[in-house]
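Notes follow once the structure below has been shown.
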Amino acid sequence: MVSISLRNICLDYPLYGAYDFSLKRRLLGHLIREPGEMRIIRAVDNFTIEAEAGARIGLAGPNGSGKSTLLRLIAGVYPPSSGSIAVQGNVMPLLGLNAGVNLDFVAEDNIALLLRIGGRKPTRSVIDDIWAFTELETRMQRLPLRMFSSGMLMRVLFATATAFPADILLLDEWLSVVDEHFAEKAEGRLLNLVSQAAIVMIASHDQKLLRRTCSSIINLDHGRIASTVAVEPPATHSLELREKRA
């Protein structure tokens, strides 16, 4: 059964000397090591949530409220300082497409690397299907990603990151692809992934997007749940495309 269970989760970040801006500290910073210098910032504070198949959860709040950090906790990027996390199901964390990329590697090798990081076997047919989605010339597979334009790079990374459906989809903001010609095709694939996933969690500042795609919105403040708002669920799982770019 697909589910997410977070119980009394806390995450603390240590800060070393970040509060000392004296001239002495600026000049001698790395040579000075004073006792009791470490401070702690609590990014997620006693957070509890239970989500089962069918859940569409939006995470809202100002910058620094803990939205992105919470998704990274669920994805296993960060271990909690306290509390318990139990996740059942395959997780696709779309938290930044550049993670794990080496721009000096050729495109094909980067695709294979990203697939392995995601627990997928990079077979020839899988790589070919991903490349076909990019609509780029075949010869470019053997070129280093450093030689790609930003639009071409985003095509490769997006096509790889979204090649397989997942039980649990974690989105840190709604992914956009800079190449306008490719944007509608990319959005269609992303909407399809959302419709297929058993659980979707989206962190965003866009309240209209959250109300259009989610059945509940959790408002965060300094890592805590400030409020939870129930939203009328979408009529179907086929969500509307966002307004086309002018």
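For this structure, a couple of remarks:
- Alpha-carbon Rg/Rh ratio, for segment 122-224, with Rh computed the Kirkwood way: 1.03
- Spatially near lysine pairs across segment 3-230, Cα under 30 Å, sequence gap of 8 or more or different chains: 4
- A Förster radius of 51 Å combined with the Cβ-Cβ distance from SER227 to ALA132 puts the calculated FRET efficiency at roughly 0.70.
- Nearest-0.05 FRET efficiency for ARG211 and ALA86, computed from C-beta distance (R0 25 Å): 0.30
- Rounded to the nearest 20, the Cβ-based charge dipole of segment 3-230 about its Cα centre (Lys and Arg +1, Asp and Glu -1) stands at 400 debye.
- The residue among ALA86, MET152, PHE105 whose Cα reaches farthest toward the positive pole of the charge dipole of segment 3-230, with charges on the beta-carbon of Lys, Arg, Asp and Glu, is ALA86.
- Segment 141-210 - charge dipole about Cα centre, Lys and Arg +1 at Cβ, Asp and Glu -1, debye rounded to 20: 320
Only the coordinates and a few stated rules stand behind these numbers; no lab work does. Everything numeric in this text was worked out from a predicted model, so none of it was measured. So basically every Cβ, Gly included, is an ideal-geometry build from the backbone, and we count neighbours across all protein chains shown.
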